[in-house]
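Below is one structure; the comments refer to it alone.
Rule-based calculations on the coordinates, nothing more; no lab input. Just so it is clear, the model here is predicted, and its values are computed rather than measured. Here the Cβ is made from the backbone with ideal geometry for all residues, glycine too, and neighbour counts use every protein chain on show.
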Amino acid sequence: MQNESFLVTFIEESGDNLASVENDLVEMERAAPEIDQELVNRVFRAAHSIKGGAGFFELATIKELSHRLENVLELIRSRSLAPNPEVVNILLGGFDRLKSLLDDVERANEADISDEVVALAGLASSYLPPARKAEAVEMRRFPIPGSARVLEAGALQIDAARDEGRGIAMLRFDLIHDVQRLGRTPLEVLGALEANGSVLDSVVDIAAVGDLDSDTIASDLPFYVLFSTQLSVVGISRIIEIPTSGITIMELPRTVAPPGAAVPGAAVPGAAVPGAAIPAPIGAGPETTAEEKEETGRRDSSAAHRDEGEGTIRIQVAVLDKLMNIAGELVLARNELLEAIDGGERRSVLASGRRIDVVTREMQEAVMLTRMQPIGNLFNRYPRIVRDMTRATGKKIELSISGREVEVDKTILETLSDPLTHLVRNACDHGIEEPGVREAAGKSVTGTVSLRARHEAGTVVVEIRDDGAGIDVEAVSAKAMSLGLVTAERLKFMSDKEKAALILLPGLSTARKITDISGRGVGMDVVKTNIDKIGGQIEILTERGRGSGFRIKLPLTLAIIPSLLVSVSGERYAIPETNVEELLKVRAGDAKNRIERVGDRSVLVLRGTFIPLVRLADALGVPRVVEDPESGEPKPDRRANLADRRGGKQAGTDGADAAQTRLPARSDEERRYHAASDYSVVVVNSAALRYALVVDELHDTMEIVVKPLGGHFSKLREYSGATILGNGSTALILDTTGLAARAGLVSGEGRETGTEQAGGEEAAAETSAAGASAESLGLLLFGNGERERCAMRLESVDRVMKIARSDIDTIGSSRMITHDGRTVPVFALGDALEVSDIMAGSGELALILARAADRYLGILATPPVDSLSTEAEIDTSSFAGRGLQGSAIIRGRTTLVVDVEDFARVVKPEWFSAGPTARSPEERASGSPGPKAGALVLVADDSNFFRSRVKEILAGAGYGVLEAGDGAEALALFGERASALSAVVADIEMPEMDGFELSRRIRASGSGLPIIALTSLASDEDRRKATEAGVDVFQVKLDEGELLKALGELIRNSGAARDRRK
Amino acid sequence: MNENPSYRPGRDIVVATVDAMKAELKELIASSTGNLTVDMSGVEMIDSKGLGLLIAASNTLGASARKLRIVGAVPDIVELFRVMRLDRHFEID
């Protein structure tokens, strides 16, 4: 009965409604005891319209909560309750909860909101409203044309609608003809209305229905609705599918007309509907006063501001006008061009070509403008965050915001939101010092965090600064080194700025104590990843004792970017200009002074600093081609690396002297430094560092249109997209950050340490292999006691806290801790795994708050707790058992990888007994407790997505899962573990060995193991082939219930068959 | 004569079921006096025809100054009645 798309609309609209609530509440608190009615009304309306919608979608919890919020706001509005910090806190908490409920409406009804409800009810009951004023004071009446009936709405409601830019529409339609006949129900229609506005009044023409003695039940059921909405006539007609002739936009009388604004009798634009007279509202109902009669003559037309609802964007009329003008220009230019071509006069063709160039550029700019949104939309979220942070930390912090009006592409704005939130939190939590510390340092007690946005040379610069202690560069370096993220050698050549930039690496958090506010040890790398994703740059500014800042440079838009074209081995590549710092030519004769070796790398000496130097061809793994200086023919260049010491020669030192040698096959190195082959170098920046790329040739810069790369290439981090050049050929766009990782310059992008070497076939081979199988994995690293290293997947971690032993309460054999007013059970790994007892020692303890089966559990750990992103493979055979995913070699040490969900299954089996995770309908039907622990299923699929999805499904039903990325791998695993396996679930289309072949081989080995083929191929031919190959069940991807059912049956039957054989 | 009768459709009141229900209601109303209680438990969906049926029943009852009472309706149906202002015609518990 619920309509999915209405629900989506409702959720979106609720999100919009909630967007300004935080700031309004914070503002209310600031303004107290003054009450800004408009502010309160806005918040009230947000709660109110959510309540209305929630009612229709059976979202009882959301409805209840918004109702309670509404009650408290009503008290504030009536000045019965002052918005003091206490009250605002409770309201903010309530709205937060409302937001999270809306984020997950599926489970909203199961959520426990008693905390919020009790708090809100407490507020409401302690301030019982004074005898309710005769509040239904004035009603406006809207007679229904052709009927004696009248629709009514409170003047207050109408004023509110008008102030919000909403209009009032009268809808006349027939529930039988316009609704029933279209297969819709009244509930759906009203749901759609409530989702797009609010129903102020409605009336059903009862008399038209007749009674039970009529021949047919309700052949007509006329229905009239007074509806307040931002939608236009067409918009309304679209959402509820009624003819536009049944919709009339009402003109609104104002209670108090603004001077000069009202023109008597002015019609609302767009409101005139042919054939439908506009009924004038009667202000002279029995309840109205003489005063009002005067005002009803005045009209207000502010309701003209309307939106057509979903999938639309608001465009300034001026922008549209401009587009129209440009379109006109374009037509003229085209005519001119056609004429010029006809005339065959080259000069006029060129002239019109130029004209079209100009017009096209203007058009491009104008179209881009339509996607722009003020960054203030984003900035406005932060006053609330800073307020909360000040309350949580006890610090005094002021937020200053400037540049709200700077406009940025919508997509960029969305991507920027998380990073900026993180940075603001960090600034408050780690940047600004405690008041006492500030005072001692002679600073003002109140710290300042500032957010600024401005345009700068075709980019948008967003700066977040604080006047706190600054980043402890040495601590960052030391930490990075201790984690193996950077070598001491490389640190030597790093500027302070580059050292500070190390905090962007995954796994590095220098917060001295992990607080539950912002120090989860994850985050800065997410900031970097998000900013990289939109082609932005992040620069870190820090001054010890004076403060720190982050300067984020963003492209204005993502679709078209100015780029530098370079070429290597005859292929062209584009480097976004924002990443290009400078271009230089290193003369062959200069090379020995400009290029040096440090460790095993080449570096470029640039104005006294060292910059890592990478040959682009090597970094990309393309064969280098050089022109034979004599014949001009391209020949392969065999030197593997710019800094290759092959033949015992020092790169960059011997080269220039041997410039005249002409034996390319043997002495490439010399030819490198031939006078004709100066180095063309592009100095680029990436998230973590600056480096230099050696290319064959530098070309123009041009504006390129970015085309996304196909899914097959999504793992290639060195490219961010592709573009089509003027001559029709394609060029790949380089991602300087991904390229740096590829070249082994930084450890980012999944590589755990920077050990990968640039260039060479090995590197190329390695990457293609890695690209095919390994996937970057976010892990939380921790200790169990002094010696055992453990890890768990970051997804399962909610937060990490430092705790004292005395924080843990013990009742019987169970441990627990109180967190956020909740009791959370606490476990040691030793409770389920064969590891040492963490409680035995006396060292420090950390508590990892993890989630399993939608509940929290605490897992005790020994600090340091850290996070990293790794491609290390998880070995599921060396250490296997309940609660373990396996082991991995991380930072050179064997680390146990805990499977939180499974761990919880062992320590808290009751959480899983009847919950939503016992998913198989099969199991539920038979009442059996699920498959035996240890029923191991081999899952073979080359798609990571499907493989992990299948794994999730199987693991959720209690199976153990062995994963294989293709048929060959699966067969190998089968060979090793055949006896332990209970079934195989295999994809058909796989590289190396397909599912048919896998099945044939398994059968050929004489095994009767159940095999399920799970595929997107579904032709009869495929089915036949699968059966021939020995597949037991053939299913089309991916029906969870079917899969579990088939698997359960097959395993039971094969078990029974085995038993019989015995 | 049955006084204050009650009626429990027990299934959705939609176009497919209204004709049968109409006959039952008609008979029940004719053979009773006092207000009619419609027990909506078990009704998950009501369409326009269904609304028409309830209104027609209410109209029939109204002719002899009797009322239609609704009990046990799920929240969204109650909400539907409320938004449609049918609570002015039916008594809703």
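Using the C-alpha gyration tensor of region A:538-618, what are the square roots of 5 times its eigenvalues, in whole angstrom, with the largest one first? Intermediate values should be presented prior to the final figure.
Numbers: eigenvalues 152, 113, 22 Å².
With the √(5λ) rule applied to region A:538-618, the semi-axes are 28, 24, 10 Å.
How many nm is it between the label spots at A:Arg346 and A:Val445, if each spot is 7 Å from the Cα in line with the beta carbon?
Between A:Arg346 and A:Val445, the label points sit 8.0 nm apart.
Given Cβ point charges of +1 (Lys, Arg) and -1 (Asp, Glu) and nothing else, what value in debye, to the nearest 20, does the dipole of region B:6-92 about its Cα centre take? Please report the intermediate quantities before stating the final value.
Working: 11 positive and 11 negative charges, 70 e Å.
In total the dipole reaches around 340 debye.
Taking the Cα centroid of region B:49-93 and of region A:105-124, what is the distance between the two, rounded to the nearest whole Å?
One Cα centre to the other: 31 Å.
Assuming a ≥ b ≥ c are the square roots of the Cα gyration tensor eigenvalues, decide whether region A:941-985 counts as rounded (a/c under 1.5), prolate (otherwise, with a/b larger than b/c) or oblate.
Oblate shape, in that a/c is at least 1.5 and b/c is the bigger or equal ratio.
With both partners inside region A:390-502, how many of the DSSP beta bridges are antiparallel, as a percent to the nearest 5? Don't jump to the answer; show the numbers that get you there.
Values: 8 of 14 bridges.
Among the beta bridges of region A:390-502, antiparallel pairing accounts for roughly 55 percent.
Using a Förster distance of 35 angstrom, determine the FRET efficiency expected from the C-beta separation of A:Asp418 and A:Thr360, and round it to 0.05.
Values: r = 35 Å, r/R0 = 1.01.
E between A:Asp418 and A:Thr360, to the nearest 0.05, is 0.50.
Across bins of 10 angstrom width beginning at 0, how are the C-alpha pair distances of region A:945-1060 distributed, in whole percent?
14, 50, 34, 2
If N is the number of residues in region A:28-115, what value comes out of its Cα radius of gyration divided by 2.2 N^0.38 Å?
Relative to the rule-of-thumb radius for its length, region A:28-115 sits at 1.09.
Go ahead and run the numbers for FRET between A:Ser1054 and A:Thr370, Cβ-Cβ distance against an R0 of 56 Å, rounding to 0.05.
For A:Ser1054 and A:Thr370, the calculated efficiency is 0.35.
Treat every Asp and Glu Cβ in region A:375-441 as -1 and every Lys and Arg Cβ as +1, leave all other atoms uncharged, and give the resulting dipole magnitude about the Cα centre to the nearest 20 debye. Don't skip to the answer; put the middle values down first.
On the way: 10 positive and 11 negative charges, 53 e Å.
Dipole of region A:375-441, to the nearest 20 debye: 260 debye.
How many angstrom lie between the Cα centre of region A:817-879 and the Cα centre of region A:153-230?
56
Would you please give the residues with an amide H less than 5 Å from that of A:Ile397, counting only those at least 5 places away or on a separate chain, with H modeled from the backbone geometry?
Sorted by chain and number, the residues that satisfy this are A:Gly447.
Taking a 32 Å limit on the Cα-Cα distance, which of the listed pairs A:Lys396/A:Lys497; A:Lys99/B:Lys67; A:Lys499/A:Lys533; A:Lys51/A:Lys802; A:Lys51/A:Lys951; A:Lys479/A:Lys908 fall beyond it?
From the list (A:Lys396/A:Lys497; A:Lys99/B:Lys67; A:Lys499/A:Lys533; A:Lys51/A:Lys802; A:Lys51/A:Lys951; A:Lys479/A:Lys908), the Cα-Cα distance tops 32 Å for A:Lys99/B:Lys67; A:Lys51/A:Lys802; A:Lys51/A:Lys951; A:Lys479/A:Lys908.
Can you tell me the Rg and the Dmax, both Å, for the Cα atoms in region B:6-92?
Answer for region B:6-92, Rg first and Dmax second: 11.7, 32 Å.
Mind jotting down the distance between the C-alpha centroids of region A:1006-1045 and region A:1-73, whole Å?
With region A:1-73 and region A:1006-1045 each reduced to a Cα centre, they are spaced 50 Å.
How charged is the neighbourhood of A:Ser214? Take every other residue with its Cβ under 13 Å from the Cβ of A:Ser214, and add Lys/Arg as +1 and Asp/Glu as -1. Kindly include the intermediate steps, with their values, before the conclusion.
Values: positive: B:Lys22, B:Lys26, B:Lys49; negative: A:Asp211, A:Asp213, A:Asp215, A:Asp220, B:Asp19.
Local charge sum for A:Ser214: -2.
Suppose the chain between A:Arg787 and A:Ser219 were pulled fully straight at 0.36 nm per residue; how much longer would it get relative to their current alpha carbon spacing?
196.4 nm
When the helix-only estimate is applied to chain B (DSSP H runs of n ≥ 4, each -39,500 (n - 2.57), divided by the residue count), what is the mean residue ellipticity at 222 nm, nearest 500 deg cm²/dmol? Please list the in-between numbers first.
Details: 3 runs with 41 residues, N = 93.
It comes out at -14000 deg cm²/dmol, rounded to the nearest 500.
Which GluC sites (Glu not before Pro) in region A:82-123 pass both tests, a DSSP loop state and at most 16 other beta-carbon atoms within 10 Å?
Answer in residue order: A:Glu110.
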